[in-house]
């Protein structure tokens, strides 16, 4: 059953299917050497979600956040510190745009104290962010500490702003996004180079990340 009217022949459903296929292709190519074909698959997975959001008349902020995320995916599909910093900057911008989107759609920070479950999740997000930043601070070089600290603050803000909305899919997407980024940071900076956990963590990062973007996109478009 397709989420948009018209069945699989509808442009919206076809675009969503193209996004999913690109995500699956990248998953199969994840452990291969960085090539432009692999970069294309990773980039297109979320770029198609941006196209879907635009086609369905979704908020411009959603289109922008997905587009910036796709650019970040392109950077992170390559090796090297410059590519990593490019990806970090792209996703930092994407999170700021998501914060603006969720704040506009949300009911304000008062909801976090008015409903205990929202406050509990926000507290868990904050605690996780503090622990992760403390662990990374000792392991990364001085040139990466400030960019990573800013990024951690941005994704925490994204998660908390998502909690001010009444959209369960958006909240779930934000939680998945934070989990994905936490695993990515652990795999990249905290694990030993020969750790056997690197393989499954790379797959988990991608699955959680794509599920997060998909949940946020559909949550907003189908609301």
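Oblate is the label for the range 127-218, because a/c, from the alpha-carbon gyration tensor with a ≥ b ≥ c as root eigenvalues, is 1.5 or above and a/b does not exceed b/c. Relative protection proxy for 43-52, 87-96, 103-112, from highest mean packing down: 43-52, 87-96, 103-112 (other beta-carbon atoms within 10 angstrom). A Förster distance of 35 Å, applied to the separation of the beta-carbon atoms of residue 11 and residue 172, puts the FRET efficiency at 0.85. Among 62, 221, the ranking by other beta carbons within 10 Å of each residue's beta carbon, starting with the fewest, stands as 221, 62.
Cut-off is 10 Å between beta-carbons; in what order do 180, 19 appear when sorted fewest neighbours first?
Values: 180 21, 19 24.
If I rank by nearby Cβ atoms, fewest first, I get 180, 19.
Pairwise alpha-carbon distances in the range 69-133 exceed 19 Å for 54% of all pairs. Shown for 132, 55, 1: other C-beta atoms within 10 Å of each C-beta, ranked fewest to most, produce the order 1, 55, 132.
Rounded to two decimals, the Cα-based Rg/Rh of the chain, with Kirkwood Rh, is 0.96. Comparing Cα centroids, the range 153-200 and the range 91-118 end up 16 angstrom apart.
Mean residue ellipticity at 222 nm from the helices of the chain, using -39,500 (n - 2.57) per DSSP H segment of n ≥ 4 over the full residue count, to the nearest 500 deg cm²/dmol? Computed ellipticity for the chain at 222 nm equals -27000 deg cm²/dmol.
Every number here is computed from the coordinates shown, using simple stated rules; none is lab data. Here the structure is a predicted model, which means the values were calculated and not measured. Positions of Cβ are backbone-derived with ideal geometry, glycine not excepted, and every protein chain shown enters the neighbour counts.
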